[in-house]
Amino acid sequence: MQDPKKYENNKSGAEEAVRVFLPKLFQTMKWSGSENVLDYGSGAGSAGFNYILPEVHNCDSKMYSVDVSIKMFEFAKKNYSHERITYGVGDVLDNTFPFEDVKFDKIFALHVLHFVRDIRTMLSGFHKILKPNGQFGFTTLTCNAWIFRSLKELSESENWSPYMKDYSKYFPSWLDFPKGREQQDIRELFQSSGFHVVHLEFLRDRDYQFENINTNTFLEICAACNPCSNNIPANLNQAFKEDLRKLLTGYAGIPTNSKRINFKHDYIWGVIEKGKEQDINSNL
Ligand SMILES: C[S@@+](CC[C@H](N)C(=O)[O-])C[C@H]1O[C@@H](n2cnc3c(N)ncnc32)[C@H](O)[C@@H]1O
């Protein structure tokens, strides 16, 4: 995601989920004091600043906020700076993580995992930077979410494939679980990556009502989630959004010109904990 202003202006659904699920993550995690807390995939910065920072402050701890996108990093640093937060840009997937000398008590990744292609490499990276018994709390959509299905479909279409050749690399296929096996499969993934599962919850068909598809909400945020958006010529942006609208309203089973959309999506949240070194699976 490359456009911090667009994300900030249109993230009502994501923010609602942060308001609902972050307190659950907080309650599930162990808190002491003077901790190092990482907000990974911190985006435009407001979720960390508004919702994680108060807890960090209560525990007299420090917060580090990292995003792979330089635009997100710059926006967050400019608009959400605070004496307890250190911002950085980088990625644990390719050894560009900016705070390699810091060990963390907690990592949060709110609505980030569905953008991650190689989850095992990410979990291995988190394992390295967590302290023993450090915890990782996350929220994520699954790959069935209409947004990922629509982008995949468009990337394979005659009109848009020339601009979205790379999309298959971004599609979160690791979040494709056979129906009924979601909890078990994700649990096995974490366990075989050296983590104990503290709590895991899979929610089928959670819903969130976007009041207006056109302005300030769903269509914009879905278009902003297109990792190939920079390849689409500016004069085709509107046509792209219209094709996206057709697919999204089709999944919702409503007319294309509907004003509202009830976004139904499967959702996973959980807390996992770094196990003892000998628990790590040899394939890491
Ligand atoms: C949907 S935004 C969520 C932002 C914030 N956590 C929130 O809840 O508002 C996802 C963010 O994850 C970042 N991201 C995606 N893959 C990443 C990676 N491998 N490493 C770091 N950040 C990543 C994107 O750049 C984007 O800013």
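Here segment 56-76 is the region considered, the condition is being of a type in the set (Gly, Ala, Ser) and in a loop (DSSP other than H, G, I, E, B), and the residue that is farthest from the ligand (Cβ to nearest atom) is 61.
Can you tell me which residue in segment 178-228 is most open to solvent (accessible area, probe 1.4 Å), limited to those that are closer than 21 Å to residue 10 by Cα and aromatic (Phe, Trp, Tyr)? It comes out as 208. Checking each residue in segment 76-91 for being open to solvent by 40 Å² or more (accessible area, probe 1.4 Å) and among the aromatic types (Phe, Trp, Tyr) picks out only 80.
Of note, residue 161 does not satisfy the criterion of being buried (at least 18 other Cβ atoms within 10 Å of the Cβ) and polar (S, T, N, Q).
Hey, could you check segment 118-140 for residues that are open to solvent by 20 Å² or more (accessible area, probe 1.4 Å) and in a strand (DSSP E or B) and say which is nearest to the ligand (Cβ to nearest atom)? Looking at the filtered set, the residue picked out is 131. Looking across segment 1-41, not a single residue is open to solvent by 50 Å² or more (accessible area, probe 1.4 Å), near the ligand (Cβ under 8 Å from one of its atoms) and at pLDDT 95 or above.
Condition check ((1) open to solvent by 30 Å² or more (accessible area, probe 1.4 Å); (2) of a type in the set (D, E, K, R); (3) at pLDDT 95 or above; (4) not in a helix (DSSP H, G or I)) across all residues:
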| site | (1), (2), (3), (4) |
| --- | --- |
| 238 | yes, no, no, no |
| 244 | no, no, no, no |
| 259 | yes, yes, no, yes |
| 265 | no, no, no, yes |
| 272 | no, no, yes, yes |
| 284 | yes, no, no, yes |
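Sort out which residues of segment 152-164 are in contact (Cβ under 8 Å) with a residue 12 or more places away in the chain and not hydroxyl-bearing (Ser, Thr, Tyr), and write them in order of number. Within segment 152-164, 152, 153, 154, 159, 160, 164 meet the criteria. Residue by residue through segment 97-117, note down the ones that are farther than 29 Å from residue 13 by Cβ and either buried (at least 20 other Cβ atoms within 10 Å of the Cβ) or near the ligand (Cβ under 9 Å from one of its atoms) (or both). Residue satisfying the conditions is 105 alone. Scanning segment 42-55 for residues being in contact with a helix residue (DSSP H, G or I) (Cβ under 9 Å, 6 or more places away or on another chain) and surrounded by fewer than 24 Cβ atoms within 10 Å (Cβ to Cβ) gives a total of 5.
The values are calculated or read from the model by the stated rules, or taken from the named source; none is laboratory data. Keep in mind that what you see is a predicted model, and the values were worked out from it rather than measured. No Cβ is skipped: glycine too gets one built from the backbone with ideal geometry, and neighbour counts run over all protein chains shown. Just so you know, the surface numbers come from the protein's heavy atoms only, side chains and all, with ligands and any DNA or RNA stripped out. Shrake-Rupley method; radii C 1.70, N 1.55, O 1.52, S 1.80 Å.
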